[in-house]
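Undergrad: The structure under discussion is supplied below as structure tokens; questions concerning it will follow.
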Amino acid sequence: MAVTTEELRALVRQYYTSTKIPHVNKWKTKLFNFEPFSIKKTQTTLFDCFAKLLGNTKSTHNRKYLKSFFPYYVFYENIYDLEGNVVLLLCKKKGTTMPYYYTKQVIHVTRAFYNAYSEYVERFYISIGGRSENRNEDYIPELIIHEEVTDIYALFHKVYEFESIKDIKGFKEELLGAFTKELLKVNRNNSYPVTAA
């Protein structure tokens, strides 16, 4: 069953208030049209639907499309399926390659959505600078296809469930080990001296 307009509005609000996802354009939330499907037939194409991603005007986003034609809700940075799961997410990735910092755009997409609309995803990816050979590698956008993920939002908001205190302690040790490994890798790359505490 499809999400209602109120549920969709709440999901989009939840997405834009999230501090765990680096947004591309956070200020555009006021321009959304939450009524997804046209009652009468339209001339909207799939390329028009994908053009809504990163669209610069309200009219671009408010262009409507048919449920039978493209059964997804399209917003400026993401695409929801009818159940309200994010199937495509466009966000920023911050990185450091000493001596400077950089940000680049990353497209996260579920395998099922990519298999169905790979031509359009690839075209959108190329339009934002993907597969470019003339740019600095630090700035070339990434396209990440996630296997066995139904909601990309959940990748940024993982919820862990534990059955005992022993499981929690083991998880904390595993997390600390992974964090230490990343910290040592960064220090090695930046050639900072590593001192034992």
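Bear in mind that the values in this text are calculations on the coordinates, not laboratory data. Model, not experiment: these values are computed from the prediction. All Cβ positions, even for glycine, are placed from backbone atoms using ideal geometry, and neighbour counts span all protein chains on display.
Undergrad: Through the Karplus equation 6.51 cos²θ - 1.76 cosθ + 1.60, θ set to phi - 60°, convert the phi angles of the stretch 109-120 into ³J(HN,Hα) values in whole Hz; use x for Gly and Pro.
TA: My calculation for the stretch 109-120 gives 9, 6, 4, 4, 5, 5, 4, 6, 10, 4, 4, 6 Hz in order.
Undergrad: How much net charge surrounds Gly129 when only other residues with a Cβ under 9 Å from its Cβ are counted (Lys, Arg +1; Asp, Glu -1)?
TA: Cβ neighbours under 9 Å give a net charge of +3.
Undergrad: Arranged from highest to lowest average of other beta-carbon atoms within 10 Å per residue, in what order do the peptides 108-118, 170-180, 137-147 appear?
TA: Answer by packing, highest mean first, reads 108-118, 137-147, 170-180.
Undergrad: Moving on to the next point. Anything over 27 Å Cα to Cα? Flag those among Lys20/Lys67; Lys20/Lys104; Lys92/Lys181; Lys20/Lys52; Lys158/Lys181, in the order listed.
TA: From the list (Lys20/Lys67; Lys20/Lys104; Lys92/Lys181; Lys20/Lys52; Lys158/Lys181), the Cα-Cα distance tops 27 Å for Lys20/Lys67.
Undergrad: Turning to a different aspect of this structure: Assuming 0.36 nm per residue, please report the length gained on full extension of the stretch Ala10 to Ile126 beyond their Cα-Cα distance.
TA: Gain on stretching Ala10 to Ile126: 38.6 nm.
Undergrad: What full-extension length gain, to one decimal in nm, is calculated for Ala116 and Thr17 as 0.36 nm per residue of separation minus the Cα-Cα distance?
TA: 32.7 nm
Undergrad: Assuming R0 = 41 Å, what is the FRET efficiency of Asn134 and Phe47, from their Cβ-Cβ distance, to the nearest 0.05?
TA: Efficiency at R0 = 41 Å is approximately 0.95.
Undergrad: Now for a different question. Stretch Tyr101-Phe156 to full length: gain in nm at 0.36 nm per residue minus the Cα-Cα span?
TA: Gain on stretching Tyr101 to Phe156: 17.6 nm.
Undergrad: Could you tell me how many cubic angstrom of Cα convex hull volume the stretch 27-148 has per residue?
TA: 127 Å³
Undergrad: Would you mind telling me the antiparallel percentage of the DSSP bridges in the chain, rounded to 5?
TA: Counting DSSP beta bridges with both partners in the chain, the antiparallel share is about 70 percent.
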